[in-house]
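The values are calculated or read from the model by the stated rules, or taken from the named source; none is laboratory data. None of the values given here were measured: they were computed from a predicted structure. Cβ sites come from the backbone with ideal geometry, for glycine too, and all protein chains shown count toward neighbours. Just so you know, the surface numbers come from the protein's heavy atoms only, side chains and all, with ligands and any DNA or RNA stripped out. Shrake-Rupley method; radii C 1.70, N 1.55, O 1.52, S 1.80 Å.
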Amino acid sequence: MATIGQPKLELRELRKTGLKLSCVGFGASPLGNVFGHVSEQDAIDSVREAFRLGINFFDTSPYYGDTLSETMLGKCLQALGVPRNEFIVSTKCGRYGGGFDFSEERVRKSIDESLSRLKLDYVDILQCHDIEFGDLDQIVNETIPALQKLKKEGKIRYIGITGLPLEVFTYVLDRVTPGSVDVILSYCHYSVNDTALEDLLPYFKSKEVGVISASPLAMGLLTESGPPEWHPASPELKSACKAAAAHCKEKGKNISKLSLQFSLSNKEISSVLVGMNSVTQVVENVAAAVELTTVGKDEVILREVETILEPIKNQTWPSGIQKS
Ligand code: NAD
Ligand code: MG
């Protein structure tokens, strides 16, 4: 139980949106069974514990588990039974189990389907999901304007874009109507093994765009149990992360805690989205964040892990339409 005087999970403002996101956000892709089966009860308990411990930000997509993540999150939020303005929900559009479609017609249908699965009247943020798989000029000229209409209609409050290659963000933000994109969501680029996002933080600030960073555990690479079968990293990257995890374990440390604390350390990032599927993970991740503000990072083990990961630093993998 939280006791009086116990440090709270930090809230950070998402730039001009004014939204105050918990620094640890709840990534709901695991609720779509993306990292193995999760029961409805475990999902409900995880979300309830997250909210109780101060996590107010929940991220999903119709793509995760082919709509299952949204449906499960909808049930979990309903089970919470708290006023709508006490939590912040982001979902996405354009990427589905069956493929990609960033057309105005599809995203208009998409938000209605998402709201119905989530059992909500509006989402706080709607993001174009993994835009490197689409035509970036369509995102600029059709999808973002379509989302601006949804904003006027009250179905969404803010507009975002997500993707893996960082160039897609500058391409779009340099071309859209200034101010039309409120937030970017980057993943796997602000972790102990990859900090490529850092160079772009001043650019996002200059554009007044909020920054969310996802996958601090590099989608399972930075965990003791290792990544799922589908993980796209090279064998070299996987084995370096495995060695780092083993080193931490040998020293009585936890690679996931260290990694999450590393990602949380940069306050230009408003929220770090971690995928969670159990009460234990929720408790551990919130404790890691609270400990970071009270005690600080373990710099010794961090240096050791950084040394192990040095040969693969900033190594990533291809994503999107490959240009020849
Ligand atoms: P992640 O790096 O957060 O890793 C998730 C994995 O780590 C899961 O297997 C989870 O069970 C495990 N885990 C969580 N806490 C742990 C702990 N304390 N100890 C050990 N293992 C732990 O990767 P992710 O889930 O892919 O990313 C987080 C969220 O960010 C997603 O759920 C999604 O909401 C969002 N995201 C969005 C995009 C996008 O928009 N393109 C891409 C990636 C992630
Ligand atoms: Mg994703």
If we scan the stretch 219-236, do we find a residue that is in contact (Cβ under 8 Å) with a residue 60 or more places away in the chain, buried (at least 18 other Cβ atoms within 10 Å of the Cβ) and more than 16 Å from ligand 2 (Cβ to nearest atom)?
-> no
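Can you say whether Asp124 is among the charged types (D, E, K, R) and under 22 Å from Leu150 (Cα atoms), as far as the supplied structure shows?
Here the answer is yes, as Asp124 does meet what is asked.
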Here, strands (runs of 3 or more DSSP E) confined to the stretch 8-74 with at least 2 residues that are surrounded by fewer than 21 Cβ atoms within 10 Å (Cβ to Cβ) and not aromatic (Phe, Trp, Tyr) are 11-13
Which residue pairs have Cβ atoms closer than 7 Å, lie 6 or more positions apart in sequence or on different chains, and pair a first residue in the stretch 24-51 that is away from ligand 2 (no atom under 16 Å from the Cβ) and modelled with pLDDT under 95 with a second residue that is open to solvent by 40 Å² or more (accessible area, probe 1.4 Å) and not in a loop (DSSP other than H, G, I, E, B)?
-> none
Is the stretch 70-90 home to any residue that is under 19 Å from Thr177 (Cα atoms) and within 16 Å of ligand 1 (Cβ to nearest atom)?
-> no
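Confirm whether Leu264 is away from ligand 2 (no atom under 16 Å from the Cβ) and closer than 24 Å to Asp130 by Cα.
So Leu264 fits the description; yes.
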In the stretch 201-210, is there at least one residue being open to solvent by 10 Å² or more (accessible area, probe 1.4 Å), assigned to a strand (DSSP E or B) and more than 19 Å from Gln148 (Cα to Cα)?
-> no
So, first residue farther than 11 Å from Val24 by Cβ in the stretch 277-288, second residue assigned to a helix (DSSP H, G or I) and open to solvent by 60 Å² or more (accessible area, probe 1.4 Å), Cβ within less than 7 Å, six or more apart or across chains; the pairs are Asn277/Asp42; Ser278/Asp42
